[in-house]
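Since the structure comes first, as structure tokens, the remarks are kept for the end.
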Amino acid sequence: MMPIKLPLEQKKELAESLQDFADRELDLPLGSIAAEALLDHMIAALAPHLYNKGVDDAMKLLGQRMLQVEDDLHALKRTIR
């Protein structure tokens, strides 16, 4: 899987959110470099799991839709005498 590259502005926003969370909830002040390093680590650790969950959810949804399409196609059949 290719590494996830976030746009600079988005990465900065997420790192600031991590800083706020760490300070508020953990009483752990983080500098911007530490927050970005933590963010990079979290993305690398979580991304494959979240990606696979998304693929699993898509497969499940697609399976349900295909069953509906199959039902719709059977409903189109004409009776043969």
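A few points about this structure:
- Calculated accessible area for the chain comes out at 91 Å² per residue, all protein chains present (probe 1.4 Å; ligands, DNA, RNA ignored).
- Gain on full extension, evaluated as 0.36 nm per residue between residue 44 and residue 24 minus their Cα-Cα distance, stands at 4.8 nm.
- Relative contact order of the chain, defined on C-alpha pairs under 8 angstrom at six or more residues apart (%): 25 percent
- Helix axis angle, 8-26 relative to the chain longest principal axis, alpha carbon, degrees: 70 degrees
- Restricting the calculation to Cα atoms, the chain shows an Rg/Rh of 1.39 when the hydrodynamic-style radius is the Kirkwood one.
- Rolling a 1.4 Å probe over the protein heavy atoms of segment 8-76, with every protein chain left in place, gives an accessible area that is 61 percent carbon and sulfur.
- Subtracting the Cα-Cα distance of residue 60 and residue 8 from 0.36 nm times their residue separation leaves 15.4 nm of extension gain.
The values are calculated or read from the model by the stated rules, or taken from the named source; none is laboratory data. Only a predicted model underlies this, so the values are computations on that prediction, with no experimental measurement involved. Surface accessibility is based on the protein's heavy atoms, side chains included, excluding ligands, DNA and RNA. Shrake-Rupley method; radii C 1.70, N 1.55, O 1.52, S 1.80 Å.
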